[in-house]
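The values are calculated or read from the model by the stated rules, or taken from the named source; none is laboratory data. Quantities reported herein were computed from a predicted structural model and do not represent experimental measurements. No Cβ is skipped: glycine too gets one built from the backbone with ideal geometry, and neighbour counts run over all protein chains shown. When the accessible area is computed, the model is the full protein with side chains, heavy atoms only, and any ligands, DNA or RNA have been set aside. Shrake-Rupley method; radii C 1.70, N 1.55, O 1.52, S 1.80 Å.
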Amino acid sequence: MADSLKIKVSIANRVYPLTINPDQEEGLRKAAKKIEAMINQFEQNYSVRDKQDVLAMCALQFASQVEQKTIDKANVSEEVELKLEALNDILHQHLSA
């Protein structure tokens, strides 16, 4: 990496040194904070102490959010396509009249 940046992020009481592009720093730091917050939430709400179990639940939570957004986006795209087709039909009716 030509303009690389060395940072350290802490997740589940472990420090991970990373070499990244400078434009990735904010996103990585925010992601690490979200993971830490979720770890704390799982540990408090479910009395889970095994870090592997907590991290697996975090991974599942984040993955399900990504999948749900993909599903929601597909549904919105389908609705938009149907509305555009209806508008197109209306335009064709008015232009051919």
Using the Karplus curve 6.51 cos²θ - 1.76 cosθ + 1.60 with θ = phi - 60°, what ³J(HN,Hα) values do you get for each residue of the range 51-56, in whole Hz, with x for Gly and Pro? 4, 5, 5, 5, 5, 5
Under a 5 Å amide H to amide H cut-off, with H placed in plane at 1.01 Å, what residues pair with I11 once short-range neighbours are removed? Y16
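Counting other Cβ atoms within 10 Å of each Cβ, which trypsin sites (Lys or Arg not before Pro) in the range 1-84 have at most 12 and sit in a DSSP loop?
Working: sites: K6, K8, R14, R29, K30, K33, K34, R49, K51, K69, K73, K83; in loops: R49.
Taking the range 1-84 and a limit of 12 other Cβ atoms within 10 Å, the loop trypsin sites (Lys or Arg not before Pro) found are R49.
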Quick one: compute a quarter of the convex hull surface over the Cα atoms of the chain and quote it in nm². 10.6 nm²
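Roll a 1.4 Å probe over the protein chains and send me the accessible area per residue for the chain in Å². Intermediate values should be presented prior to the final figure.
Working: 8110 Å² over 97 residues.
In whole numbers, the chain has 84 Å² accessible per residue.
With a sphere of radius 12 Å drawn around the Cβ of E79, what net charge do the other residues whose Cβ falls strictly inside it have (Lys, Arg +1; Asp, Glu -1)? Provide the component values of the computation, followed by the final result.
Details: positive: K73, K83; negative: D72, E78, E81, E85.
My count for the surroundings of E79 gives -2.
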Could you please state how large a percent of the accessible area of the chain is carbon and sulfur, counting protein chains only and using a 1.4 Å probe? 55 percent
At most 16 other Cβ atoms within 10 Å and a DSSP loop assignment: could you name the GluC sites (Glu not before Pro) in the range 1-70 that fit? none
Which angle between 0 and 90 degrees, to the nearest 10, do you get for helix 25-46 versus the longest principal axis of the chain when only C-alpha atoms count? 70 degrees
For the range 4-13, Karplus couplings with θ = phi - 60° (6.51, -1.76, 1.60), whole Hz, Gly/Pro x: 7, 10, 9, 10, 10, 10, 10, 9, 6, 6
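Q44 to I90: extension gain in nm, 0.36 nm per residue of separation minus the Cα-Cα distance? Walk me through the numbers before you get to the answer.
Details: separation 46, 0.36 × 46 = 16.56 nm, distance 5.64 nm.
Using 0.36 nm per residue and subtracting the Cα-Cα distance, I get 10.9 nm.
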Is there a pair in K8/K33; K8/K73; K51/K73; K33/K69; K8/K69 whose C-alpha atoms are over 24 Å apart, and which pairs would that be? K8/K73; K51/K73; K8/K69
